[in-house]
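The values are calculated or read from the model by the stated rules, or taken from the named source; none is laboratory data. Predicted model, so just to flag it, every value in this text is computed and none were measured. All Cβ positions, glycine included, derive from the backbone under ideal geometry; neighbour counts span all protein chains shown. Only protein heavy atoms, including side chains, enter the accessible area calculation; ligands, DNA and RNA are left aside. Shrake-Rupley method; radii C 1.70, N 1.55, O 1.52, S 1.80 Å.
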Amino acid sequence: MIKDYIDNVIIKKIGIPYFDVLVTRENDTIFRYYNNKDGNANGKEKLFMYSCSKVITAVATMMLIENGKLSLDDEVSKYLPCFNDVYLLVDGKKVKPNKAITVKHLLTMSAGFDYNFETEYIKNKFDKNPNSTTLDIINEIVKSPLNFEPGEKFRYSLCHDILGGVIEKVSGQKFSDFVEKNIFKPLGIKTLTFKHDLKDFEPLYYAENKKVVPFTFEEARWANHPSYESGGGGLKGTVEGYSKFLQGLLSGKLLKEETLDIMTQNCVSDFSVKNSYTCVQGKDYGYGLGVRVRKVETDWGLPIGEFGWDGAAGSYALVDRKNKITITIGMHVRNWPDVFINEHLKLVELIYKQFI
């Protein structure tokens, strides 16, 4: 049933060129199927995972908190001095915010930033120094005004990119090296990376006007940059690799249960994002510390507390601690909601009805 749905609806009818889904229960694979429009997929395809990066960045942050090297209440300026200069514009004048931005504000996307990589400051920095680093660009991000007082509300933004810089400062390592040493290597993951990598990727596509068309890697430049490591969107790799990461969360190899409890508590009162960003819509979800959090159980088995996120090319991550299930989905279509909105959850429902 699930295979037929992928082949006949997702690939043939909707026109998704490549699709991969891997489901585990208690760390055993209970379902795996991949296919593409040419029928020659092998399940080892490398993808830009985009915002599925955020779950890994949040976990890396929580590791430092668990180890006593960082606190949710720490002011970010303690690690990134440029945060002493953040400001709001009030009647055209620069005004210092009433609250300092904290690590928790970054994790909950409530720091006041937006998702604009095209500001004059960032563009000028890259123009002058194409090899600008994560910390270089964070210095430019804070030169634009905040959109609201820290902690005032949720806004999907560059907060996790900034967390990558915090992790570098606290750990004394490049962000990619910290993740490799503390997450990927202990789990035996060799097919995920935040480092610059443009070799042997599955072709990338773009959805517009209900059609799927080719999309060049050059147009996805923030995921490809040679020296800027994006904690919010720079992950590259395979569905198998990402599934191992989710299984590491479920098995307790990465974080303690009590840490996951904190991470998956809803932290925002008004949670909304644009369809072009995510499959998470409506009142059923809130947002915890770097992950979506389900607030309403479904009648087919998806429980309160299910968490994860997804990515700009359609990748998707789900962790269900109650049923001990993980689901990883791989796609490679930017702006996928134009053709695929709500389909992730339909597929999850089919999976639960068959296996739960």
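Miscellaneous remarks
- Residue-wise HN-Hα coupling along region 195-212, computed from phi with Karplus coefficients 6.51, -1.76, 1.60 (Hz; x: Gly, Pro): 6, 4, 7, 10, 9, 6, 8, 4, x, 9, 10, 9, 9, 8, 6, 6, 10, 10
- Full extension of the chain between Lys199 and Asn67 yields a length gain of 44.0 nm, computed as 0.36 nm times the residue separation minus the alpha carbon distance.
- Whole-Hz Karplus values for region 99-110 come out as 10, 6, 6, 10, 4, 5, 4, 5, 5, 9, 6, 10 Hz, taken residue by residue from phi with 6.51 cos²θ - 1.76 cosθ + 1.60 and θ = phi - 60°; glycine and proline positions read x.
- Point-to-point label distance, Thr191-Asn131, nm (Cα→Cβ direction, 7 Å offset): 3.3 nm
- Just the protein heavy atoms count here, and of the accessible area of the chain at 1.4 Å, carbon and sulfur take up 46 percent.
- Cα centroid of region 114-173 to Cα centroid of region 337-356, whole Å: 34 Å
- Cβ-defined net charge surrounding His196, 11 Å radius [Lys, Arg +1; Asp, Glu -1]: +1
- Label-to-label distance, nm, for residues given as Ser251 and Asp4 (7 Å Cα→Cβ offset): 3.5 nm
- Length released on extending from Phe31 to Glu118, taking residue separation times 0.36 nm less the Cα-Cα span: 27.2 nm
- Helix-only mean residue ellipticity at 222 nm for the chain, each DSSP H run of n ≥ 4 adding -39500 (n - 2.57), per residue, nearest 500: -7500 deg cm²/dmol
- Residue by residue, region 11-27 carries 3J(HN,Hα) couplings of 8, 7, 7, 6, x, 6, x, 9, 8, 9, 9, 10, 10, 10, 9, 6, 6 Hz when phi is fed to the Karplus relation 6.51 cos²θ - 1.76 cosθ + 1.60 (θ = phi - 60°); x denotes Gly or Pro.
- Close amide H pairs (under 5 Å, H built 1.01 Å from N) link Thr193 with Lys236, residues at least 5 positions away or on another chain.
- Close amide H partners of Arg334, meaning residues 5 or more places away or on another chain with modelled amide H under 5 Å apart, are Tyr205, Tyr206, Ala207.
- Charge sum, other residues only, whose C-beta stays under 15 Å from Glu180's C-beta, Lys/Arg counted +1 and Asp/Glu -1: +3
- Stokes-Einstein D (µm²/s) once Rh is taken as the Kirkwood radius of the chain over alpha-carbon pairs, at 25 °C in 0.890 mPa s: 119 µm²/s
- Over all Cα atoms in region 234-356, the spread is summed up by Rg and Dmax: 13.9, 39 Å.
- Gyration tensor (alpha-carbon) shape descriptor, region 51-129, a/c threshold 1.5: oblate
- Basic side chains Lys and Arg get +1 at the Cβ, acidic Asp and Glu get -1 at the Cβ, and with that the dipole of the chain about its Cα centre reaches some 200 debye.
- Cα gyration tensor, region 138-235 - rounded (a/c under 1.5), prolate or oblate: oblate
- Spin-label model, Asn40 to Lys96: label points 7 Å out along the Cα-to-beta-carbon direction sit 6.3 nm apart.
- Close amide H partners of Tyr50, meaning residues 5 or more places away or on another chain with modelled amide H under 5 Å apart, are Leu235.
- Accessible surface, the chain, averaged per residue in Å² (probe 1.4 Å): 43 Å²
- Whether region 102-174 is rounded, prolate or oblate, judged on the alpha carbon gyration tensor where a/c under 1.5 counts as rounded: oblate
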